[in-house]
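Reviewing the structure listed below.
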Amino acid sequence: MGSARPAGRHFQPFPGVWEAIAGGVICPAKYLIPETNGLTDAQMRSIQDPMARRDIVARVERVSSDSERQWGQMDVSQMLAHAADQLRIAVGDINVDRARGPFQFAPMRYLMVHVLPWPKGKAQAPHEALTTAPTDVEEDRATLLSLIDRFATTPPSDAPPLHPLFGRMTARDWGVFSYRHLDHHLRQFSA
């Protein structure tokens, strides 16, 4: 019935997650916390929430060039520049032409943004989130902190920017995704 897809042509930003969902394992019970309707604290927090934002800002301020990487390949400056690029996408400074892959569809997007745990060191960032070259930790930190403040204090748009993997997201999706993305990378450096 159809030909097999050639090797290397399938972009999969979160290896293993697609297989788990396709295999019927939508959200394993070990990730559900009943008193929060199945969502962990990190999954529900939004960077638009002042308390969550203060927590993230304090953690960004704790990261140093000596912070030891727990997984992945980025160093601290690369991580700060990457996190800043993600927020540049969120505020519309980096244009995304179109979303790619299965996560742009509402059920998949919801699972990835709000529910499923993110793999450590397995995800491939879209090229739009790797556009800025890192400089030094202090400059990259200042840029990131400025973008966090700008994102959190800018009123949501009627047409939020397109995300390269998740497509059109609501303001709430962007806030939760931004918190989880920053939290993920700060944990990468034990902050």
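Quick rundown of the values:
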quantity: Residue match in segment 102-110 (condition: under 17 Å from GLN78 (Cα atoms), in contact with a strand residue (DSSP E or B) (Cβ under 9 Å, 6 or more places away or on another chain) and not hydrophobic (A, V, I, L, M, F, W, C)); calculated: no
quantity: Spans of helices (runs of 4 or more DSSP H) in segment 7-81 with at least 2 residues at pLDDT 90 or above and aliphatic (A, V, I, L, M); calculated: 50-62
quantity: Selection count where residues are closer than 19 Å to TRP118 by Cα and surrounded by fewer than 20 Cβ atoms within 10 Å (Cβ to Cβ), scope segment 60-74; calculated: 5
quantity: Contacts under 6 angstrom Cβ, first residue in segment 43-72 being farther than 30 Å from THR170 by Cβ, partner surrounded by 15 or more Cβ atoms within 10 Å (Cβ to Cβ), 6 or more apart; calculated: ARG62/ALA191; SER65/VAL76; SER65/VAL137; SER67/VAL76; SER67/PHE189; GLN70/GLN188
quantity: Answer residue from segment 134-191, given it is surrounded by fewer than 16 Cβ atoms within 10 Å (Cβ to Cβ) and of a type in the set (Ser, Thr, Tyr) and is modelled with the highest pLDDT among those; calculated: SER146
quantity: Matching option when the condition is part of a loop (DSSP other than H, G, I, E, B) and among the hydroxyl-bearing types (Ser, Thr, Tyr), among THR135, THR143; calculated: THR135
quantity: SER190 vs. criteria under 25 Å from ALA133 (Cβ atoms) and either of a type in the set (A, V, I, L, M) or not in a helix (DSSP H, G or I) (or both); calculated: yes
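The values are calculated or read from the model by the stated rules, or taken from the named source; none is laboratory data. Remember, predicted model here, so these are calculated numbers, not experimental data. As a convention, Cβ positions derive from the backbone with ideal geometry for all residues, glycine included, and neighbour counts pool all protein chains shown.
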